[in-house]
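Read the structure below first, then the notes.
The values are calculated or read from the model by the stated rules, or taken from the named source; none is laboratory data. Bear in mind the structure is a predicted one, so any value in this text is a computation, not a measurement. Note: ideal-geometry Cβ built from the backbone for every residue, glycine included; neighbour counts use all protein chains shown.
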Amino acid sequence: MSTTSRHGHVGVFWALQLGGWAAYAVALMVPWLGRYPISVMWSNKLAIAATGLVASSVLRLVYRRVARDGAGLATLGVTAVAASVSGAFVWNGAASAILGRSLQNDSVLLGALGSTFPRFDGVLYHALVLLTWSLLYIGARHYRALVAERERSLHAESLAREARLLALRYQIGPHFLFNALNAISTLVVTDRKTDATTAIARLADLLRVSLEAPERGTITLASELEIVRAYVAIERVRFADRLQVVIVTEAATLDARLPAMILQPLVENAVRHAVAARDEPTTVTVSAVRARDDLVLVVSDDGTGNGDSRGFGVGLANTRARLDDLYPGVYRFLAGRTPHGGYRAEISIPLSRGPLVTPAPNVLEAQVV
């Protein structure tokens with residue numbers, strides 16, 4: 001617990017402690033109002049409340065010490081009973097001494113108020129008062145401990161979730177980087193140095209835009225599409241006209257927010273399994289539309305599907321895992337072959353927006369990368 005929070009709890013305790021015992025003194029006065037001077041009644045009842053405040057403050061120290069030793073609620077309960085009875089003897093004796101001295105010249109009031117003093121006939125009453133205070137204090141302390149434990153649990157859960165998301169994100173990076181470097185190596189080996197130089201420049205562009213994306217947060221669809229374009233530029237160096245990429249978006253969705261690098265693995269999946277698997281030109285289509293309160297993202301290809309058993313490899317499995325963490329129970333992720341032999345992956349997530357730019361009309365815009 002932080003120092004500020006601890007000081008805050010101490011301040012609340014003493015505010016309640018002083019206010020509660022002041023209210024107790026007032027309650028003691030009520031039955032005697034109109035029978036004796038208020039000033040006399042107030043001073044005497046305040047003396048009783050003050051000794052109770054001191055007794056309960058001492059009990060607080062006892063309970064804190066027992067709690068620090070790891071005692072459970074049962075042990076604290078037994079301690080509360082024993083401490084309340086012991087404190088009642090001290091409280092009763094101290095209050096009787098104070099009242100006896102203050103009322104020694106008023107035999108009538110002393111007889112009315114001090115009939116239990118200096119005898120200990122009031123010990124049971126005072127024990128019940130202290131036991132009530134003790135149970136309230138222990139209950140409040142236990143509740144505060146439960147709240148603190150819940151907060152620690154939620155914080156630990158949040159850190160674990162962030163670590164998982166980062167791990168999934170970092171798996172995508174090295175996985176793609178290995179493939180890109182392998183492609184560049186192939187260009188060098190085949191003496192396509194100009195293409196290799198171009199690919200290295202495009203790789204630098206991709207690393208820049210991907211590193212600029214927040215590690216744990218979201219980015220706009222427009223920024224995510226920049227990552228896709230940078231990736232496609234690298235693969236175009238390898239495949240030339242065999243790779244065609246079409247991006248179709250509703251202009252009004254460009255400021256929608258989504259997890260960084262959620263589309264790139266899907267496009268890479270299409271390139272690896274559809275484009276690289278045949279010599280004919282292959283078109284990969286990336287689309288984004290709004291469907292009621294959802295953002296629907298689709299990556300599809302028109303490959304033949306021959307020998308294609310993609311399943312959920314690293315890219316698709318990581319995509320599903322990230323969606324599970326970020327949108328539990330409120331997303332849809334479908335992936336599979338199309339009736340015409342191609343492959344289609346669809347993500348549907350709740351639509352949320354970043355800081356709004358100039359509102360754009362809700363029209364489809366298609367771009368060939």
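Here residue 69 passes the criteria (1) at pLDDT 85 or above; (2) farther than 26 Å from residue 27 by Cβ except the one numbered (1). Got at least one residue in region 162-181 being modelled with pLDDT of 75 or more, under 30 Å from residue 67 (Cβ atoms) and surrounded by 11 or more Cβ atoms within 10 Å (Cβ to Cβ)? Within region 162-181 (the criterion being modelled with pLDDT of 75 or more, under 30 Å from residue 67 (Cβ atoms) and surrounded by 11 or more Cβ atoms within 10 Å (Cβ to Cβ)), the answer is no, since none of the residues qualifies.
For region 274-304, the tally of residues that are in a strand (DSSP E or B) and closer than 18 Å to residue 244 by Cα stands at 11.
State whether the residues of region 134-147 include one that is at pLDDT below 65, surrounded by 12 or more Cβ atoms within 10 Å (Cβ to Cβ), assigned to a helix (DSSP H, G or I) and of a type in the set (Lys, Arg). Can you show your working first?
Start the filter on region 134-147 by keeping residues that are at pLDDT below 65, which leaves none.
Looking for residues that are at pLDDT below 65, surrounded by 12 or more Cβ atoms within 10 Å (Cβ to Cβ), assigned to a helix (DSSP H, G or I) and of a type in the set (Lys, Arg), one finds none in region 134-147, hence no.
Can you tell me which residue is surrounded by the most Cβ atoms within 10 Å (Cβ to Cβ) among those in region 295-318 that are at pLDDT 80 or above and acidic (Asp, Glu)? Ranking the candidates gives 301 first. Would it be correct to say that residue 224 is under 29 Å from the mean Cα position of the chain (by Cα) and surrounded by 18 or more Cβ atoms within 10 Å (Cβ to Cβ)? When the stated conditions are applied, residue 224 passes them. Among the residues of region 319-330, not a single one is assigned to a loop (DSSP other than H, G, I, E, B), modelled with pLDDT under 60 and exposed (fewer than 14 other Cβ atoms within 10 Å of the Cβ).
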